[in-house]
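Please treat every number below as a calculation from the coordinates, not as lab data. No experiment lies behind these values; they were computed from the predicted model shown. Methodologically, a virtual Cβ is constructed for each residue, glycine included, from the backbone with ideal geometry; neighbour enumeration extends over all protein chains shown.
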Amino acid sequence: MKKGVILIVAFAILLSGCSGKAKDSEQAREALIAFFDQLSKGDYAGADALYGGSYETLVDWNPVLNPEDHNTLWHNGCSINGLQCLKVLTATYNERTATGEYVFTVQFSKPDGSLFVREACCGENPTSPPVWQFEYRVVRGVDGRYWVLDMPVFTQ
């Protein structure tokens, strides 16, 4: 009888550990989807609150802007600089890295609802195959919030 109770308790502990990881990856996924949803709607302050990556590229592309004006940097990135600030169509969880990053494979939806496909661009070989899946990383901060680390897809 005791062995049966011990096995049940051990199994319950194992399941609770797994469900915590699933919950964390789902929260990371929700943050990723919310980030792109905010960008696609032009809510740059909302997107900025979910972004934990570098602004270096946006600052380089917009040297006349204040580097601390993230809202305007996002606006320019999405409307002028070639970032594709689209809604997420699918976000599939891949893994959690040793550094704690949640890695997702993401497909995006064009404004008409169709799948976004990036043709060869940006200095790539013109015969490179089209790409419709993109990798994104999300990390959980010490404050418990989830932060997207990667910028939207760039096209010229």
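In table form, for the structure just shown:
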| item | result |
| --- | --- |
| Taking all pairs of distinct alpha-carbon atoms in segment 40-156, Kirkwood radius in angstrom | 15.4 |
| Point-to-point label distance, E26-K41, nm (Cα→Cβ direction, 7 Å offset) | 2.2 |
| Distance (nanometres) between label positions extended 7 Å along Cα→Cβ at T105 and D48 | 3.5 |
| Computed E for N94/W61 - FRET, C-beta separation, R0 41 angstrom, nearest 0.05 | 0.90 |
